[in-house]
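The values are calculated or read from the model by the stated rules, or taken from the named source; none is laboratory data. Quantities reported herein were computed from a predicted structural model and do not represent experimental measurements. Positions of Cβ are generated from backbone atoms using ideal geometry, with glycine treated the same way; all protein chains shown enter the neighbour counts.
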Amino acid sequence: MKIAIASGKGGTGKTTLATNLSAFLSESEKVVLADLDVEEPNSGLFLKGDLVLEEVRYKMIPKWNEDTCTLSGKCREVCNFNAIVQLGPRILVLPELCHSCYACSELCPSSSLPMTPQRMGVLKEYKINDNLTFVESRLDIGQEQAVPLIMQTNDFIDLNFDNTTIKLFDSPPGASCPVIEVTKDVDKVILITEPTPFGLHDLIIIVETMRELKKDFGVVINRYGVGNDDVIDYCNREGIDIIAKISNDRHIAELYSGGDLIYDKVPAVRDELERVKSYIFSEGEGM
Amino acid sequence: MRIVFTAKGTEWDSDMDPRFGRTQYLLIYDDKTDDLVSFDNREIDKEAHGAGTKTSQRLFDLNPDVLITGNGPGGNAQSILERTKVEIYTGAGEMTVREAYEAFKNSKLPKY
């Protein structure tokens, strides 16, 4: 079972839900939580455990071999990302535009662009308790592409955790490539929002994205009680399942600010997580 | 001296295009022959990635002495252009091409 926690708007509670839900589910299930917000992973602030694995991760980038190049121009012609330019007798590769598609390298008539590893970040695995594992990938400062590291982290999870483990993915905010990469292969997506005009605006964008991907999804409303009823009206109108509502509560904010989990201290939050658990285990209807 | 302008049209009275990578046209002026020719760059709209490097490649192939533009190139374009001899002047994004040329001649544009 693979579940992604996403949101259109940032700061609506993805990490709060992901960390609390993973700990709550681990009371009865094997769970792995992967923080795939690789540009700024922060689930680790709330889940403390023993570091069991630390791996440097690399992506493959073509490296120009000046000595063998015949200046055919094929590389710059086939690159869909404009990551290669030809400046007179010199080929220049722009690593931040390269999508590691290998086209230039494979099609070069003189094999002058061998793919070479370039460091992009670090993957860490922590044991939180007997049932809960936490995996965090963190992009190096200066790296611009989140997707390759997200892909490798997904592969790591697939390789190391079998189907008896519930796999939770804490997504980056927004609705662009990194979010697509996180959500495209999961069984269900939980969209968390806040009941404000900004929350609704960005919720609509991510709902439309999930429909395009034909995902089964439901909505959790966080900080319920602020703002207005427009998010609820929208979900009702669109036939979208509102899975749970987490109240706007100063006590919750204080626990969060201290880096604490909430569900074990605020019974109402545990009740809402129980609803989320029911959604996860319900038969998918598809949207 | 050959000068390239980023522009929204093909005439001296056309507005400058403040963008470098996604400029609609490149106008090339040769002050020896007084010729103004244009290169249609509007295909760049189809590029999701690397507009700056693609236009930089075009600029390299045009091989001018001076580039006059608005905002200046982004990081990727910059890393290409610094390997060429072209001198870059910015701050002409709100002018017409003619005004930008006059401003350049009168040393009113900041060098990038």
Count, please, the residues in the stretch A:89-120 that happen to be out of contact with any Ser or Thr (no Cβ under 9 Å at 6 or more places or on another chain) and on the phi > 0 side of the Ramachandran plot. 2
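Might you check whether a residue that is in a loop (DSSP other than H, G, I, E, B), hydrophobic (A, V, I, L, M, F, W, C) and surrounded by 19 or more Cβ atoms within 10 Å (Cβ to Cβ) occurs anywhere in the stretch B:15-28?
Of the stretch B:15-28, the ones in a loop (DSSP other than H, G, I, E, B) are B:17-24.
Imposing the further condition that a residue be hydrophobic (A, V, I, L, M, F, W, C) reduces the set to B:20.
Pick out the ones that are also surrounded by 19 or more Cβ atoms within 10 Å (Cβ to Cβ) and you get B:20.
Yes: one or more hits.
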Search the stretch B:41-56 for residues that are basic (Lys, Arg) and pair each with any residue that is outside any loop (DSSP other than H, G, I, E, B) when their beta-carbon atoms are under 8 Å apart and the residues are at least 6 apart or on different chains. B:Arg42/B:Tyr25; B:Lys54/B:Ile44
Condition (residue is assigned to a strand (DSSP E or B), more than 14 Å from every other protein chain (Cβ to nearest Cβ) and not hydrophobic (A, V, I, L, M, F, W, C)) applied to the stretch A:3-12: is it met by at least one residue? no
Mind listing just one residue for me: the one in the stretch A:110-134 that is more than 30 Å from A:Asn20 (Cβ to Cβ) and part of a strand (DSSP E or B) and, of those, farthest from the other protein chains (Cβ to nearest Cβ)? A:Pro117
State whether the residues of the stretch B:32-48 include one that is more than 19 Å from A:Leu87 (Cβ to Cβ), of a type outside the set (Lys, Arg) and surrounded by 20 or more Cβ atoms within 10 Å (Cβ to Cβ). no
How many residues does the stretch B:61-100 hold that are more than 14 Å from chain A (Cβ to nearest Cβ), surrounded by fewer than 20 Cβ atoms within 10 Å (Cβ to Cβ) and among the polar types (S, T, N, Q)? 3
What is the one condition in (1) more than 11 Å from the chain's Cα centre (by Cα); (2) among the β-branched types (Val, Ile, Thr); (3) part of a strand (DSSP E or B) that B:Val4 does not satisfy? (1)
The stretch A:80-109 - residue that is under 15 Å from A:Met60 (Cα atoms), touching a residue at least 12 places away in the same chain (Cβ under 8 Å) and not in a loop (DSSP other than H, G, I, E, B) and, of those, farthest from the other protein chains (Cβ to nearest Cβ): A:Ser105
Are there any pairs with C-beta distances below 6 angstrom linking a residue in the stretch A:45-64 that is closer than 30 Å to A:Leu261 by Cβ to a residue that is surrounded by 15 or more Cβ atoms within 10 Å (Cβ to Cβ) and of a type in the set (Asp, Glu), with the two at least 6 apart or on different chains, and if so which? A:Val52/A:Glu125; A:Leu53/A:Glu125
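Keeping to the stretch B:29-85, report how many residues are of a type in the set (Ser, Thr, Tyr) and farther than 16 Å from B:Met1 by Cβ.
The first filter runs over the stretch B:29-85 and keeps only residues of a type in the set (Ser, Thr, Tyr), leaving B:29, B:33, B:38, B:53, B:55-56, B:69, B:79, B:84.
In the following step, the residues that additionally are farther than 16 Å from B:Met1 by Cβ were identified as B:38, B:53, B:55-56, B:69, B:79.
Selection size over the stretch B:29-85: 6.
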Part of a strand (DSSP E or B) and more than 14 Å from every other protein chain (Cβ to nearest Cβ), is that true of A:Leu53? yes
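Consider A:Leu200 carefully, then state whether it is farther than 19 Å from A:Asn154 by Cβ and in contact (Cβ under 8 Å) with a residue 60 or more places away in the chain.
Values: farther than 19 Å from A:Asn154 by Cβ: yes; in contact (Cβ under 8 Å) with a residue 60 or more places away in the chain: no.
Spelling it out, it is not the case that A:Leu200 is farther than 19 Å from A:Asn154 by Cβ and in contact (Cβ under 8 Å) with a residue 60 or more places away in the chain.
Here is a yes/no grid of residues against (1) of a type in the set (A, V, I, L, M, F, W, C); (2) in the same structural domain as A:Ile246 (by TED's automatic domain parsing); (3) touching a Lys or Arg at 6+ places or on another chain (Cβ under 8 Å):
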site: A:Gly13; (1), (2), (3): no, yes, yes
site: A:Leu17; (1), (2), (3): yes, yes, no
site: A:Val32; (1), (2), (3): yes, yes, yes
site: A:Asn42; (1), (2), (3): no, yes, no
site: A:Lys48; (1), (2), (3): no, yes, no
site: A:Gly73; (1), (2), (3): no, no, no
site: A:Arg90; (1), (2), (3): no, no, yes
site: A:Glu96; (1), (2), (3): no, no, no
